[in-house]
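Chemist: Below are the structure tokens for one structure; questions will follow.
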Amino acid sequence: MENRLKPMDAEQLREYGHKMVDFIADYYKTIENFPVLSQVEPGYLRNLLPDSAPNQPDSFQHVLDDIQAKILPGVTHWQSPNYFAYHPSNSSVAGFVGEMLSAGLNIVGFSWIASPAATELEMIVLDWLAKMLKLPEDFLSAGQGGGVIQGTASEAVLVVLLAARDKVLRRVGKDALEKLVVYASDQTHSSLQKACQIAGIHPENCRLLKATSSTNYALSPEFLSETISQDLTIGLIPFFLCATVGTTSSTAVDPLLSLGKIAKSNGMWFHVDAAYAGSACVCPEFRHYMDGVEVADSFNMNAHKWFLTNFDCSALWVKDRSALVQALSTNPEYLKNKASQANMVVDYKDWQVPLGRRFRSLKLWMVLRLYGLENLQCYIRNHIKLAKHFENLIAQDPRFEVVTPRIFSLVCFRLLPVRNNESHGNKLNHQLLDAVNSTGSAFISHTVLSGKYILRFAVGAPLTEEKHVNAAWKVLQDKATSLLAESL
Ligand code: PLP
């Protein structure tokens, strides 16, 4: 059969591209009409789509109709102004057009020569962002360090863990793998545990130290010191500490300086995970939460969470890039080229797990250029103001309590248990969560802290305004009233 396919016809791209942009713009205009949390049942799509792919091409309009009728009902609308679950995952016009350009160019920038602009823009943009965050100069690309865009914070912690593991094994001998110990609080994101599993760290050597309400769920330096001492006495080798600025459950902030000093005095790698809260630290009034980052070996923040850069864009900086390269580089014949062989360039393939990589710096560059630091600071401050507003609303209703001090834009709260019955309280809050989310008018999520079932209200979607916060609070109050009446 004659080949009639013209998969990259410029005029077809123009036609479909314009239609798709219109479709997406209309989506954003009407986003509030959708239930925030998708209300479909598991497996819903099987019944709506054919069993196999078509033999003949379908029309673009037909596909768009199917998206509207069959796909959108199964979408949970992370960009809805009524989205208050987990952590935010921002989109923006700047991030979107950057992503579009990246899809348009579709390069695979594993080494400098594979697309010099991709590597060089990434280095420059991460230097810019490092300066916005006032990271120490050691993290800039001019010295021994530098930044790299990983897909996710999970990949970021994995690559630095691998770098740290290989660094210590070079010192103590590779047979010592089973003696290596990793430290963090039990509030640390589960991606650390996964990284340990991948890196071959023995599960019993992954110390997730209990953080309690007495420290607002931050890791205690004393507890860390004691645990390290005990491990040293039995011949183990402490080698990696992960601290968090803004934990996933409650946005707790670990005391970086004290923890980092302990790590350094024991020759350990010190990683700081600021996946969510790093964005807030571009504001001078929040930068102090990062104090102590001077002693860190690596620092990570997700620009795709709360910094208007469409998923995925996780910024990682290291002080010693050679540690990453030593752990992750390969040099096969088919990738050899003059610039790499002469050591004149950065080849980001050696800073990450996969070989292939997208031109992700374009979207971050667009965000920084089209918005500028001052607007980004206002954006963050506005969300924090809205979270404070929500906190005040809770304070006015004696049936509720705020459970941990609010630091950034997340409020952890709960409906107080009736007659101090904690287990009934947990059930009640679980029911409240389900009742609110099943309305489709707001989406919140939960966690458990010190055995208590807690509701999380995370402000951070780009379209959220005070009226949305007020509306969500009204739904929460109404549902609480019904549940309390039922439980009498
Ligand atoms: N670290 C923290 C503090 C997080 O809150 C999260 C996700 O919410 C992660 C790491 C993992 O992020 P990612 O999905 O980018 O791997």
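Chemist: Conditions: (1) open to solvent by 20 Å² or more (accessible area, probe 1.4 Å); (2) within 12 Å of the ligand (Cβ to nearest atom); (3) of a type in the set (D, E, K, R). Asp254 meets all but one. Number of the miss?
Modeler: Every listed condition holds for Asp254 apart from (1).
Chemist: Return the only residue of Glu99, Glu137, Glu122 being open to solvent by 50 Å² or more (accessible area, probe 1.4 Å), away from the ligand (no atom under 16 Å from the Cβ), charged (D, E, K, R) and out of contact with any Asp or Glu (no Cβ under 9 Å at 6 or more places or on another chain).
Modeler: One residue alone meets the criteria, Glu137.
Chemist: Sticking with this one: Please work out which one of (1) part of a helix (DSSP H, G or I); (2) within 21 Å of the chain's Cα centre (by Cα) is the condition Ser225 fails and give its number.
Modeler: Exception for Ser225: condition (2).
Chemist: List the pairs whose first member sits in region 182-199 and is in the same structural domain as Thr212 (by the TED database) and within 18 Å of Asp254 (Cβ to Cβ), whose second member is of a type in the set (D, E, K, R) and more than 11 Å from the ligand (Cβ to nearest atom), and whose Cβ atoms are under 6 Å apart, counting only residues at least 6 apart or on separate chains?
Modeler: Tyr183/Arg207; Asp186/Lys210
Chemist: So, in region 235-251, how many residues would count as being open to solvent by 10 Å² or more (accessible area, probe 1.4 Å) and hydrophobic (A, V, I, L, M, F, W, C)?
Modeler: Summing the residues that are open to solvent by 10 Å² or more (accessible area, probe 1.4 Å) and hydrophobic (A, V, I, L, M, F, W, C) in region 235-251 gives 2.
Chemist: Report yes if Asp166 is assigned by the TED database to the domain that holds Ile237, within 30 Å of Leu364 (Cβ to Cβ), modelled with pLDDT of 95 or more and surrounded by fewer than 19 Cβ atoms within 10 Å (Cβ to Cβ), otherwise no.
Modeler: Yes.
Chemist: List, please: which pairs have Cβ atoms under 9 Å, are six or more places apart or on different chains, and start with a residue in region 89-101 that is at pLDDT 95 or above and end with one that is among the acidic types (Asp, Glu)?
Modeler: As it stands, the answer is Ser91/Glu99, since those pairs meet every condition given.
Chemist: Let me ask something else. Step by step: first the residues of region 311-333, then only those that are outside any helix (DSSP H, G or I) and away from the ligand (no atom under 13 Å from the Cβ), then the one that is farthest from Ala142 (Cα to Cα). Which residue is that?
Modeler: Restricting to residues being outside any helix (DSSP H, G or I) and away from the ligand (no atom under 13 Å from the Cβ), the top hit is Pro332.
Chemist: If you scan region 434-459, which residues turn out to be open to solvent by less than 50 Å² (accessible area, probe 1.4 Å) and closer than 17 Å to Thr404 by Cβ?
Modeler: Ile444, Ser445, Thr447, Leu449, Tyr453, Ile454, Leu455, Arg456, Phe457, Ala458, Val459
Chemist: Let me ask something additional. Report, by residue number, each residue of region 334-343 that is open to solvent by 30 Å² or more (accessible area, probe 1.4 Å), assigned to a loop (DSSP other than H, G, I, E, B) and at pLDDT 95 or above.
Modeler: Lys336, Ala342
Chemist: Report yes if some residue within region 55-70 is more than 16 Å from the ligand (Cβ to nearest atom), out of contact with any strand residue (DSSP E or B) (no Cβ under 8 Å at 6 or more places or on another chain) and in the same structural domain as Phe390 (by the TED database); otherwise report no.
Modeler: Within region 55-70, none of the residues are more than 16 Å from the ligand (Cβ to nearest atom), out of contact with any strand residue (DSSP E or B) (no Cβ under 8 Å at 6 or more places or on another chain) and in the same structural domain as Phe390 (by the TED database).
Chemist: Here's a check for you: in region 277-310, which residue that is away from the ligand (no atom under 16 Å from the Cβ) and in a helix (DSSP H, G or I) is farthest from Lys385 (Cα to Cα)?
Modeler: Val295
Chemist: In the set Val182, Val172, which member is over 17 Å from Gly451 (Cα atoms), open to solvent by less than 20 Å² (accessible area, probe 1.4 Å) and β-branched (Val, Ile, Thr)?
Modeler: Val182
Chemist: Out of contact with any His (no Cβ under 9 Å at 6 or more places or on another chain), over 24 Å from Thr152 (Cα atoms) and surrounded by 11 or more Cβ atoms within 10 Å (Cβ to Cβ), is that true of Tyr86?
Modeler: no
Chemist: Right, next: Looking only at region 19-58, how many residues end up being farther than 24 Å from Ile444 by Cβ and open to solvent by less than 60 Å² (accessible area, probe 1.4 Å)?
Modeler: Looking only at that region, the number is 6.
Chemist: Can you tell me how many residues in region 441-473 are assigned to a loop (DSSP other than H, G, I, E, B) and over 24 Å from Lys305 (Cβ atoms)?
Modeler: Residues in region 441-473 being assigned to a loop (DSSP other than H, G, I, E, B) and over 24 Å from Lys305 (Cβ atoms): 2 in total.
Chemist: Further question on the same structure: So, of the residues in region 263-290 that are closer than 29 Å to Phe84 by Cβ and charged (D, E, K, R), which turns out to be least open to solvent (accessible area, probe 1.4 Å)?
Modeler: Asp273
Chemist: Quick one: would you say Ile198 is modelled with pLDDT of 95 or more, in contact with an Asp or Glu (Cβ under 8 Å, 6 or more places away or on another chain), hydrophobic (A, V, I, L, M, F, W, C) and within 16 Å of the ligand (Cβ to nearest atom)?
Modeler: Here the answer is no, as Ile198 does not meet what is asked.
Chemist: Pick out, from region 143-222, the strands (runs of 3 or more DSSP E) lying fully within it that include 3 or more residues that are over 29 Å from Ser111 (Cβ atoms) and of a type outside the set (Gly, Ala, Ser).
Modeler: Hits in region 143-222: 180-185, 206-209.
Chemist: List pairs: first in region 302-330 and in the same structural domain as Gln144 (by the TED database) and hydroxyl-bearing (Ser, Thr, Tyr), second open to solvent by less than 10 Å² (accessible area, probe 1.4 Å) and within 11 Å of the ligand (Cβ to nearest atom), Cβ under 6 Å, 6+ apart or cross-chain?
Modeler: Correct list of pairs: Thr309/Ala303; Ser314/Gln150; Ser314/Ala156; Ser314/Asn302.
The values are calculated or read from the model by the stated rules, or taken from the named source; none is laboratory data. These numbers were taken from a predicted model, which means no experiment stands behind them. Heads up, the Cβs are rebuilt from the backbone with ideal geometry, glycines too, and the neighbour counts pull from every protein chain shown. When the accessible area is computed, the model is the full protein with side chains, heavy atoms only, and any ligands, DNA or RNA have been set aside. Shrake-Rupley method; radii C 1.70, N 1.55, O 1.52, S 1.80 Å.
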